[in-house]
Every structure is written in structure tokens, then in C-alpha cells.
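These notes are about the structure you will find just below.
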Amino acid sequence: MISIFYLASLALIAIGLYIVISKKNLIKIIIGINMMDVGVNLLLISIGYVYGGTAPIENANYAKYVDPIPQALVLTAIVIGVSVMALALTIVIGIYRKTGSIELDEILEVEE
């Protein structure tokens, strides 16, 4: 049974990949990379989810627990993703100040 979360994560990854491949604006490319990051995070969380499960706290009444490892990994990945996005946006600001544009075609023309 395919969960709706698997389909949503696949859609986010596919849309982000399409944006990265098709767009020439650096801001849009960064947004596409961020969408792929969110899709991967959603996929990891949905893999670790157990229907009807509860938090892994010692309690003899529950037999099904949700795996906490993907949650910890995704929390770390979110922090890293935000940091990478901030760095990428800072680089784009520097490119804009130097070249006056954030379009890839115009930046490559300035380079030549």
C-alpha cells in the first residue's frame, strides 16, 4: 500500500528537479533545491512512521512504536538545509552585486 506521504514526497522531489533543470534564475534554482530537500525529509519521516504507533517511551500498554531515528535525522537535515540555503542566497547576492543579474545566461555572458 502506497501512502499519500510517499506520493507527496515523490511529487516534491520531481517538481524540485524540474525547476532545477528548466529554470535559469538562480533564486528559482535555490527554491527547487529546497523543494527536493523537503521531499527527501518527508520521505524519511514517512518511512519511519508506524500507523497506530506511539512515541517510544516506556509503557507496557503499547506494542507499536514509531521509530525515532528518522525523526532525529530529519531534524538534523532541516538545520543543514536551512544553512545551505542561507549560504546559497548569500552567494547569489554576491553574484548580483558583481554582475548586476541573477539570470544564468546573463552571468555567463559577463564572464566571457
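Looking only at trypsin sites (Lys or Arg not before Pro) in DSSP loops with at most 13 other Cβ atoms within 10 Å, what is the longest site-free stretch of the chain? That would be 65-112.
Annotation note: chymotrypsin sites (Phe, Trp or Tyr not before Pro) in the range 1-89 located in DSSP loop regions with a Cβ neighbour count of at most 11 within 10 Å are Y51. Span-like helix criteria (full DSSP H runs; alpha carbon extent of at least 15 Å along the helix axis; mean Kyte-Doolittle hydropathy of at least 1.0) are satisfied in the chain by 4-22, 26-48, 68-99. Amide H to amide H distances under 5 Å link Y65 with T54, where only residues 5 or more positions off or on other chains count and H is placed in the peptide plane.
From largest to smallest, the equivalent ellipsoid semi-axes obtained for the range 1-58 from the alpha-carbon gyration tensor read 30, 12, 5 Å. The orientation-averaged shadow of the Cα convex hull for the range 4-111, equal to a quarter of the hull surface, comes to 7.8 nm². What is the dipole size for the chain, taken about its Cα centre, with +1 at each Lys and Arg Cβ and -1 at each Asp and Glu Cβ, in debye to the nearest 20? About 280 debye.
Net charge near M85: determine it from the other residues with C-beta under 14 Å of the C-beta of M85, scoring Lys and Arg +1 and Asp and Glu -1. Net of charged neighbours comes to 0.
Laboratory data are not the source of any read-out in this text; all were calculated from the coordinates shown. Bear in mind that the values here come from a model prediction, so they are computed numbers and not experimental data. Cβ sites come from the backbone with ideal geometry, for glycine too, and all protein chains shown count toward neighbours.
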